[in-house]
């Protein structure tokens with residue numbers, strides 16, 4: 001806490017080890033030292049904002065009206081009045097940014113801003129804007145930035161530091177001597193499955209079609225290598241679109257085919273076959289030239305037909321079957337076990353739900369974002385309700401999309417299962433942090449052998465290790481910058497003599 005009071009500080013600490021408690025202590029000291037000043041606590045979502053307000057209400061013996069949640073759902077004129085009345089404001093950064101722009105709020109009377117999930121402070125997100133205004137308006141500004149994982153690359157961490165005017169970095173890991181007595185053991189396990197021959201045959205057809213498109217693009221000097229990622233293809237399409245020539249549009253369309261084939265391969269290798277079949281059906285409904293050319297390709301048509309035949313035979317991806325076995329084993333040992341299963345795509349989440357419903361003692365519930373996709377989405381109110389029901393034991397399996405990775409107060413979770421590995425250090429740390437908070441837990445990563453699953457797993461592993469090294473170096477550097485040598489002892493030369 002001493003460091004956080006000395007200057008703007010990035011606090012990196014594992015999920016469940018008390019980031020909010022640290023924030024409360026710093027807030028209490030700032031309010032004590034200047035009772036005329038206020039505190040602002042920002043978090044990315046309304047459920048997180050409400051969660052932090054509830055935690056602070058347990059720490060601070062002040063009136064309920066002095067701890068105010070202010071979000072975009074509050075009318076503008078009401079927000080303006082609440083800012084004046086509250087001593088501690090809990091809000092989303094978007095709301096604060098909008099009210100600053102509309103002059104409904106000034107930050108000159110705030111002695112502390114707390115930034116939760118600080119790794120979001122990049123690009124056009126609202127955090128950097130609010131921090132910039134705060135540093136220019138406040139007479140004695142102080143920023144406390146909280147995260148479990150600021151990023152896997154030095155430049156990303158530096159971007160967060162610069163955006164939030166960070167001077168100090170404080171890092172704690174589960175292995176640190178002052179943390180180890182207070183954390184629970186985590187057992188990490190890799191669960192490997194292998195694609196059956198039928199799925200390998202589908203993959204071979206899709207890879208051949210993709211290879212033919214890439215070869216053509218290399219002949220056109222659009223690509224320089226047969227190995228190309230999605231991000232690079234999207235940048236190429238943007239560049240080609242600016243040329244507005246017949247050749248550039250033809251190349252863009254060919255690149256679109258590559259993207260569609262790569263997504264099909266991703267679903268086949270890492271997700272479930274129902275999701276792949278649904279994707280093929282959705283493609284056929286499109287009228288683009290890229291799709292028309294794919295459906296004119298015999299190998300692509302063969303892949304589509306084999307996918308449907310595989311599903312019609314009652315088979316699915318081996319991951320789904322293995323996941324069902326893992327969960328069944330856990331619930332047989334303890335029917336009150338709590339499990340979170342993370343998956344990237346909603347079609348996969350739906351299939352996981354359908355499979356786990358058949359497991360004895362299983363009570364799974366879907367936990368997805370607000371955005372409506374195929375008529376599905378959860379409001380923030382529904383998300384909070386599901387988490388409360390999970391916490392109370394009405395559900396014992398949370399099947400979650402990426403929305404479940406950040407900051408949620410989920411206790412007593414016995415295991416976290418990655419349905420697929422993630423190459424991001426941030427997401428890897430966030431997912432893993434959902435277990436072993438109050439008792440020992442398990443992290444199980446499911447992986448399809450000889451697929452991109454393996455590459456994603458080891459990329460995420462390497463980035464997480466690199467992130468820890470970079471953060472530790474930053475902490476050492478900030479300690480050196482803040483080091484004040486002790487005054488000299490005993491006789492010394494008086495230079496002024």
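One residue stands out among those in region 101-132 that are over 21 Å from residue 23 (Cβ atoms) and over 27 Å from the mean Cα position of the chain (by Cα): the one that is surrounded by the fewest Cβ atoms within 10 Å (Cβ to Cβ), which is 103. Annotation note: of 420, 389, 382, 406, the sole residue that is touching a residue at least 60 places away in the same chain (Cβ under 8 Å) and more than 20 Å from residue 319 (Cα to Cα) is 406. Whenever a residue of region 303-315 is in the same structural domain as residue 208 (by TED's automatic domain parsing), it has no partner that is exposed (fewer than 14 other Cβ atoms within 10 Å of the Cβ) and at pLDDT 95 or above lying with C-beta atoms less than 7 angstrom away and at least six residues away or across chains. Among the residues making up region 352-394, those that are out of contact with any strand residue (DSSP E or B) (no Cβ under 7 Å at 6 or more places or on another chain), outside any loop (DSSP other than H, G, I, E, B) and closer than 25 Å to residue 279 by Cβ are 354, 355, 373, 376. Residue 114 falls short on exactly one of the conditions (1) free of Cβ contacts under 8 Å to residues at least 24 places away in the same chain; (2) assigned to a strand (DSSP E or B); (3) under 25 Å from residue 171 (Cβ atoms), and that condition is (1). When the residues of region 380-389 are filtered to those that are modelled with pLDDT under 85 and more than 18 Å from residue 341 (Cα to Cα), which remaining residue is surrounded by the most Cβ atoms within 10 Å (Cβ to Cβ)? Here the residue is 380. Among the residues examined, residue 4 qualifies as closer than 23 Å to residue 157 by Cα, over 22 Å from the mean Cα position of the chain (by Cα) and crowded, with 16+ Cβ neighbours inside 10 Å. Considering 327, 341, the condition of being surrounded by 18 or more Cβ atoms within 10 Å (Cβ to Cβ) and outside any helix (DSSP H, G or I) is satisfied by 341 alone. Selection within region 149-190: residues that are under 30 Å from residue 329 (Cα atoms) and crowded, with 16+ Cβ neighbours inside 10 Å. The member of this set that is modelled with the highest pLDDT is 186. Within region 405-430, restricting attention to residues that are closer than 19 Å to residue 147 by Cβ and either assigned by TED's automatic domain parsing to the domain that holds residue 17 or at pLDDT 85 or above (or both), the residue that is farthest from the chain's Cα centre (by Cα) is 416. Does region 266-280 contain at least one residue that is more than 30 Å from residue 194 (Cα to Cα) and in contact (Cβ under 8 Å) with a residue 40 or more places away in the chain? No, because not a single residue in region 266-280 is more than 30 Å from residue 194 (Cα to Cα) and in contact (Cβ under 8 Å) with a residue 40 or more places away in the chain. Could we say that residue 66 is in the same structural domain as residue 11 (by TED's automatic domain parsing), loosely packed, with under 15 Cβ neighbours inside 10 Å, under 23 Å from residue 141 (Cα atoms) and touching a residue at least 40 places away in the same chain (Cβ under 8 Å) here? Taking the combined requirement at face value, the residue does not satisfy it.
Scanning region 355-375 for residues being over 22 Å from residue 73 (Cβ atoms) and loosely packed, with under 14 Cβ neighbours inside 10 Å gives a total of 6.
Test residue 40 against the criterion of being closer than 30 Å to residue 368 by Cα, touching a residue at least 60 places away in the same chain (Cβ under 8 Å) and assigned to a strand (DSSP E or B), and give yes or no. Yes: the conditions hold for residue 40.
From (1) at pLDDT 95 or above; (2) in a helix (DSSP H, G or I); (3) out of contact with any helix residue (DSSP H, G or I) (no Cβ under 6 Å at 6 or more places or on another chain), pick out the condition that doesn't hold for residue 77. Residue 77 satisfies every listed condition except (1). The set of residues in region 138-157 being out of contact with any helix residue (DSSP H, G or I) (no Cβ under 9 Å at 6 or more places or on another chain) and not in a loop (DSSP other than H, G, I, E, B) consists of 155 alone. Restricting the search to region 440-497, which residues are in a loop (DSSP other than H, G, I, E, B) and at pLDDT 80 or above? Correct list: 440, 449, 450, 451. When region 160-181 is filtered for residues that are more than 18 Å from residue 144 (Cβ to Cβ) and outside any loop (DSSP other than H, G, I, E, B), the ones remaining, listed by number, are 180, 181.
Taking (1) over 30 Å from residue 373 (Cβ atoms); (2) in contact (Cβ under 8 Å) with a residue 12 or more places away in the chain; (3) surrounded by 12 or more Cβ atoms within 10 Å (Cβ to Cβ) in turn, residue 243 satisfies each apart from (2). The lone criterion from (1) out of contact with any helix residue (DSSP H, G or I) (no Cβ under 8 Å at 6 or more places or on another chain); (2) under 30 Å from residue 448 (Cβ atoms); (3) in a helix (DSSP H, G or I) left unmet by residue 119 is number (1).
The values are calculated or read from the model by the stated rules, or taken from the named source; none is laboratory data. Keep in mind that this is a model prediction, so the values were computed, not measured. Neighbour counts run over all protein chains shown; Cβ positions are idealised from the backbone, glycine included.
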